[in-house]
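Report on one structure; see the data block that follows.
The values are calculated or read from the model by the stated rules, or taken from the named source; none is laboratory data. This is a predicted model, so every value here is computed, not measured. Note that each Cβ is placed from the backbone with ideal geometry, even for glycine, and that neighbours are counted across all protein chains shown. With ligands, DNA and RNA removed, areas are computed over all heavy atoms of the protein, side chains included. Shrake-Rupley method; radii C 1.70, N 1.55, O 1.52, S 1.80 Å.
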Amino acid sequence: MASPIEEIKSRLDIADVVGGYVKLQKAGANLRARCPFHAEKTPSFFVSPARQSWHCFGGCSKGGDMFKFVMEIEGMEFGEALKLLAHKAGVELTRYEGSMGKVSTERTRLQELSELAAQFFETQLASSQKGNEAKEYLAQRGMSVESVKKWRLGYAPGNGKALIDFLSSRGYSMGEISRAGLTAQSNNSSVDRFRSRIMFPVFDLSSQVIGFGGRIFGEKEKEDLSKYINTPNTPLYDKSRVLYGLDKARVALHKADSCVLVEGYMDVIMVSQAGFENVVASSGTALTPLQLKLLKRYTENLSLAFDMDSAGDNATKRGIELAIESGFSIKVVSMPQGKDPADVASEQPSLWKELCEGAGSILDFYFASALAKFDKSLPEHKRKISQELLPMIKRIPNSIEQSHWVQKLAKELEVSEQTIREELLKVRVSPLESKEEALVNVPVKKTRKELLEERFLLLLFRNPGLLSELDMERIAFLPASLQEMVAGILKAGSLDVAKLESVFPEETLNLLRYLAMKAEVEEDVGQTELEFRSCLLELELLDVRKKLDMLSVAIRSAEQQNDAKKLEALMKEFEEISRSLK
Ligand code: ZN
């Protein structure tokens with residue numbers, strides 16, 4: 001039996017899989033688009049239907065097969081991408097279970113456990129007495145039965161261990177239940193983390209349950225408990241990369257080319273229910289780099305609809321600055337006093353629409369709050385106002401936009417634009433992305449030698465006739481890995497990657513697919529043979545220079561050791577090689 005991976009690949013076409021996420025256009029034998037993984041103006045992202053592979057020749061240099069694409073664009077692990085594509089292809093993974101042992105990792109166990117927990121809470125909401133009270137409360141707040149179902153709301157009973165008992169009876173260990181973030185410690189024993197709460201399951205991009213938020217409900221509401229609690233970070237749930245509602249908002253985000261960011265679960269559900277489906281919530285109001293990266297796949301227009309009193313918080317401000325720096329255009333939806341998006345959207349949908357359409361720029365918001373806080377007629381306060389606003393202005397990547405705010409600030413403070421620009425130069429803003437995240441984005445820089453080796457292979461793909469110029473002796477100076485590749489190609493007598501599949505391991509095949517596509521995609525300036533020969537020559541020279549460098553080191557150490565005989569031999573060798581250079 002073929003592996004499920006092969007089965008899926010034979011049933012699906014990469015153009016359809018990728019085309020489901022990005023708009024592809026025909027470009028010769030390939031398809032192309034603007035890369036969904038990095039910002040670019042000219043499309044350098046290519047898909048090859050012939051080789052069933054994709055590659056970005058722009059900034060991010062990502063590439064691979066359809067599985068790799070889904071993993072990248074959905075932010076999934078391999079096992080999850082496999083499930084998603086299997087579903088799309090109509091391949092039943094259970095048929096392969098024996099051979100798929102590895103995919104059923106701890107992660108899968110935790111996913112199954114979380115799904116069961118969600119079902120448990122749903123049942124409690126539907127059929128327990130307390131659950132019915134919770135259902136009534138939701139109805140009073142305007143939530144429809146369909147929404148309760150769509151967002152899979154539930155109820156967590158108030159007695160200490162109902163969920164733990166249920167999951168244990170289904171064969172899950174305490175360790176697993178606790179790793180899924182569903183337990184808490186009370187008087188030295190484990191109890192349910194969520195007790196007497198209305199439950200909001202949190203989903204990943206493929207709508208699988210990965211965690212929960214719980215709103216206190218019932219008598220417990222009178223006690224001094226947090227109104228909302230969430231799953232702590234677990235192997236499944238990382239709050240810095242989750243946006244609540246994103247799995248359901250994706251199409252709407254694309255369509256509206258904008259995203260409304262609200263604060264709470266209720267806000268997301270009620271706004272979405274009112275027909276404005278381009279809405280998500282971050283856990284807390286501070287946006288993280290990972291969340292922004294996720295959002296950027298769909299839109300660069302962000303409207304904030306939450307209590308802007310918190311916009312002065314350092315965390316919130318940092319998230320907003322980060323979004324500005326990443327090129328997002330950010331607006332502020334000003335809410336009527338004492339109302340939250342859930343209320344407005346469900347009570348007055350037309351007002352919600354108006355508020356969203358009338359949203360002002362975040363910079364206008366910060367201008368207004370700085371000008372309200374200080375008296376701009378006082379020199380000292382002018383300085384304070386500029387100190388609040390300049391770091392924000394400094395982060396705007398587009399210089400035209402930046403210039404607009406410079407002008408505005410100059411006008412408000414009644415100073416010259418030049419003065420503002422000089423001050424702007426003095427502002428030091430620290431990079432907001434953490435080092436770790438920045439590293440992920442920077443492709444490894446290739447050395448000259450690596451570039452030449454790649455070029456050498458690429459030129460072969462462009463003109464397979466050049467194969468006849470090669471024999472193993474001619475390329476004896478190339479690294480062993482490259483020699484092996486050439487030997488394999490010579491033996492197969494072809495550069496058709498499909499014909500090389502039985503010759504090379506997958507890693508090599510991926511490289512060859514990448515080079516084949518690059519050769520097709522690049523403009524051919526008609527100097528292939530010439531470039532090929534000079535490429536080989538330069539590689540040979542690099543090899544000789546390396547040998548000479550190594551000899552120099554050996555010569556120096558022979559000198560230090562006063563080993564005359566060795567020194568003489570080394571010198572002779574050095575001269576011979578040097579002569580060959582000329
Ligand atoms: Zn790219």
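When the residues of the range 59-95 are filtered to those that are of a type in the set (Phe, Trp, Tyr) and more than 16 Å from the ligand (Cβ to nearest atom), the one that is modelled with the lowest pLDDT is Phe78.
The set of residues in the range 376-397 being open to solvent by less than 70 Å² (accessible area, probe 1.4 Å) and either of a type outside the set (Val, Ile, Thr) or over 23 Å from Lys317 (Cβ atoms) (or both) consists of His381, Lys382, Ser386, Glu388, Leu389, Leu390, Pro391, Met392, Lys394, Arg395. Among the residues examined, Ala311 qualifies as of a type in the set (Gly, Ala, Ser), part of a helix (DSSP H, G or I) and modelled with pLDDT under 95.
Residues are listed down the side, and each one gets a yes or a no for (1) assigned to a loop (DSSP other than H, G, I, E, B); (2) closer than 17 Å to Asn301 by Cβ; (3) at pLDDT below 95; (4) of a type in the set (Val, Ile, Thr):
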{"residue": "Ile229", "(1), (2), (3), (4)": "no, no, yes, yes"}
{"residue": "Ser240", "(1), (2), (3), (4)": "no, no, yes, no"}
{"residue": "Leu253", "(1), (2), (3), (4)": "no, yes, yes, no"}
{"residue": "Val268", "(1), (2), (3), (4)": "no, no, no, yes"}
{"residue": "Thr285", "(1), (2), (3), (4)": "yes, no, yes, yes"}
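Report yes if Ala516 is in contact with a Leu (Cβ under 8 Å, 6 or more places away or on another chain) and either part of a helix (DSSP H, G or I) or not basic (Lys, Arg) (or both), otherwise no. So Ala516 fits the description; yes.
Filter the range 1-25 down to residues that are within 25 Å of Lys296 (Cβ to Cβ) and β-branched (Val, Ile, Thr) and give me whichever is nearest to the ligand (Cβ to nearest atom).
Of all residues in the range 1-25, those within 25 Å of Lys296 (Cβ to Cβ) come to 14-25.
Those still in the list that are β-branched (Val, Ile, Thr) too: 14, 17-18, 22.
Values: Ile14: 16, Val17: 17, Val18: 13, Val22: 11 Å.
The residue in question is Val22.
Does Leu537 count as of a type in the set (A, V, I, L, M, F, W, C) and either touching a Leu at 6+ places or on another chain (Cβ under 9 Å) or under 30 Å from Leu567 (Cβ atoms) (or both)? Criteria not met by Leu537. Scanning the range 26-58 for residues that are more than 16 Å from the ligand (Cβ to nearest atom) and at pLDDT 90 or above yields Lys26, Pro49, Gln52. Within the bounds of the range 29-45, is there any residue that is farther than 24 Å from Gln291 by Cβ, surrounded by fewer than 17 Cβ atoms within 10 Å (Cβ to Cβ) and in contact with a helix residue (DSSP H, G or I) (Cβ under 9 Å, 6 or more places away or on another chain)? Yes, that holds for at least one residue.
Before we move on, is Leu292 over 15 Å from Ser346 (Cα atoms), touching a Ser or Thr at 6+ places or on another chain (Cβ under 7 Å) and not assigned by TED's automatic domain parsing to the domain that holds Arg197? Considered against the rule, which asks whether it is over 15 Å from Ser346 (Cα atoms), touching a Ser or Thr at 6+ places or on another chain (Cβ under 7 Å) and not assigned by TED's automatic domain parsing to the domain that holds Arg197, Leu292 comes out as yes.
Would you confirm whether any residue within the range 146-167 is open to solvent by 50 Å² or more (accessible area, probe 1.4 Å), in the same structural domain as Arg215 (by TED's automatic domain parsing) and not in a helix (DSSP H, G or I)? Yes, the range 146-167 contains a residue that is open to solvent by 50 Å² or more (accessible area, probe 1.4 Å), in the same structural domain as Arg215 (by TED's automatic domain parsing) and not in a helix (DSSP H, G or I).
With respect to the conditions (1) more than 25 Å from Ala519 (Cβ to Cβ); (2) open to solvent by less than 20 Å² (accessible area, probe 1.4 Å); (3) in contact (Cβ under 8 Å) with a residue 60 or more places away in the chain, Val70 falls short on a single one, namely (3).
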